[in-house]
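S.K.: Sharing a structure here in structure tokens format.
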Amino acid sequence: MTIRALIVDDSALIRKVLSDILNEDPNIRVVGTAINGKNGLEKVMKLRPDVVLLDNVMPVLDGLKTLACIMKEQPTPVVIVSALGERAEEITLTAFEYGAVDVIEKPSGILSQSMPEMAEEICRKVRTASKANLKNLECMRDSEPLNPEKGETKENRVLKKAAPVRNILAIGASTGGPRALEKLICSLPGELPAAVLVVQHMPPGFTASLSKRLDAKSALRVKEAQEGDRVEEGTVLIAPGNYHMEIVRNKVNSLEEETVHLSCGPKELGSRPSVNVLFRSIAPVYGSRVISLVLTGMNCDGADGAEEIKKMGGKVIAEARSSCVVYGMPGEIVKRNLADLVLPLDKMAEEIIRIIG
């Protein structure tokens, strides 16, 4: 079945580039384009596309207002087309709260060598978005964010922890992941006896904005990982876009500690960062102290790494179909019989606390 796509962008060049890219895919057909949000809404109602590619910054009616109207009047999977820049990235993250399914970076350098790779990613995200279960976005309504404990900053709490990390919570997510991560991480207590490591498939730049947003809402300290960051309890490290994140063991002043290593190695299953790369790196380092979570997302990233975690005595939890926007990644975990537990998103924090408490 051909996926019918609508492109809404005020740039004629971007509309042309995206149309050319999508029409090259035999499974996708561009059924229309629109020059602003108002025009886009009219065409959504008239054409009833399977997927909308929506610019986040437009005149007449901006991306957020357009998205809100689409989700209210004609719910349709929406992929945000975003430029880089702090304002654009912040708008894009807010768009996930409004019901956007995914984000692609606005094509630039049309004749660059990276264009074929970017084109494949754009088509893949449109194909994935067409399979999204929009009803499960209802599972991700905003809850009251936890406030860090009064009288003690997150930074001070982390600095006091000199003991070895007792548990590792490793999380992999893709399509639908930003809102799932917000719900999960903001449900965990600041004194969680675990370090948290996250791979979320996102373009470069957006992971930094995601980290800041989660840090403001969570009782845990959240930051985008940097080369050499120590793995510490009470801290969430998010792999930066376009970098694989691995955990390595180093000796510092005759003491061993685990730190982050970032690399631009080849993409795995089309992704960098890769959930598999993270999972494989932590399995031999932490063994039975690992609890891995595979959340919503397309394809099977995380399954090979989960096998390594299981071999070393760690636990694997898959998100249940009932709360997934896209069931591909957790579905592969279940299919391979790797899951110790299969849980809907709203039950995960409680179970994690029970396991490591």
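S.K.: Would you mind telling me the antiparallel percentage of the DSSP bridges in the chain, rounded to 5?
M.R.: Percent antiparallel among DSSP bridges in the chain is about 20.
S.K.: Okay, moving on. What order, most packed first, do the peptides 297-305, 221-229 have when packing is the mean number of other Cβ atoms within 10 Å of each residue?
M.R.: Packing order, densest peptide first, comes out as 297-305, 221-229.
S.K.: Can you tell me which of 18, 341, 197 moves the most in a GNM of the chain? Springs connect C-alpha atoms under 10 Å apart.
M.R.: Of the options given, 341 has the highest mean-square fluctuation.
S.K.: Hey, in the GNM for the chain with a 10 angstrom Cα cutoff, which one of 307, 90, 319 fluctuates hardest?
M.R.: Ranking 307, 90, 319 by mean-square fluctuation puts 90 first.
S.K.: Cα-Cα over 30 Å: which of 38/106; 46/335; 72/131; 106/223; 125/251; 212/335?
M.R.: Among 38/106; 46/335; 72/131; 106/223; 125/251; 212/335, the Cα-Cα distance tops 30 Å for 46/335; 125/251; 212/335.
S.K.: Another question about this same structure. Could you tell me the accessible area of residue 33 in Å² (1.4 Å probe, neighbours in place), rounded to the nearest ten?
M.R.: Number for this one is 50 Å².
S.K.: With the other protein chains left in place, how much accessible area per residue, in square angstrom, belongs to the chain at a 1.4 angstrom probe?
M.R.: I get 42 Å² per residue for the chain.
S.K.: On to the next question. Measure off, as a whole percent, the carbon and sulfur share of the 1.4 Å-probe accessible area of the chain, all protein chains present.
M.R.: Roughly 51 percent of what the probe reaches on the chain is carbon or sulfur.
S.K.: Using only the Cα atoms of the range 218-273, construct the convex hull and provide its projected area averaged over every direction, in square nanometres to one decimal.
M.R.: Average projection, Cα convex hull of the range 218-273: 4.6 nm².
S.K.: Can you pull a Stokes-Einstein diffusion coefficient for the chain at 25 °C (0.890 mPa s), Rh from Kirkwood over Cα pairs, as a whole number of µm²/s?
M.R.: Diffusion coefficient, whole number: 119 µm²/s.
S.K.: What do you get when you divide the Cα radius of gyration of the range 264-357 by 2.2 N^0.38 Å, with N the number of residues?
M.R.: Rounded to two decimals, the normalised Rg is 1.03.
S.K.: Quick check on the range 1-70: take the gyration tensor over C-alpha atoms, sort the square-rooted eigenvalues as a ≥ b ≥ c, and tell me if it's rounded (a/c under 1.5), prolate or oblate.
M.R.: Oblate, because a/c is 1.5 or more while a/b does not exceed b/c.
S.K.: Provide the solvent-accessible area of residue 187, counting protein heavy atoms only and rolling a 1.4 Å probe, rounded to the nearest 10 Å².
M.R.: 60
S.K.: Quick check on the chain: helices-only [θ] at 222 nm, where DSSP H runs of length 4 and up contribute -39,500 (n - 2.57) each and the sum goes over total residues. Nearest 500, please.
M.R.: Helix-only estimate at 222 nm: -11000 deg cm²/dmol.
S.K.: Calculate how many DSSP beta bridges within the range 201-341 are antiparallel, expressed in % of all such bridges and rounded to the nearest 5.
M.R.: About 55 percent, rounded to the nearest 5.
S.K.: Just how much of residue 352 is accessible, in Å², when a 1.4 Å probe is used and the result is rounded to the nearest 10?
M.R.: 0
S.K.: Find the relative contact order for the chain and round it to a whole percent, using C-alpha pairs within less than 8 Å whose residues are 6+ positions apart.
M.R.: After rounding, I find 13 percent.
S.K.: Let me ask you something else. Which residue, 250, 167, 276, tops the fluctuation ranking in a GNM of the chain built on C-alpha contacts under 10 Å?
M.R.: Checking each option, the largest mean-square fluctuation is seen for 250.
The values are calculated or read from the model by the stated rules, or taken from the named source; none is laboratory data. These numbers were taken from a predicted model, which means no experiment stands behind them. We place every Cβ from the backbone using ideal geometry, glycine too, and count neighbours over all the protein chains shown. Remember, those area values only see protein heavy atoms, side chains included, never the ligands or the DNA or RNA. Shrake-Rupley method; radii C 1.70, N 1.55, O 1.52, S 1.80 Å.
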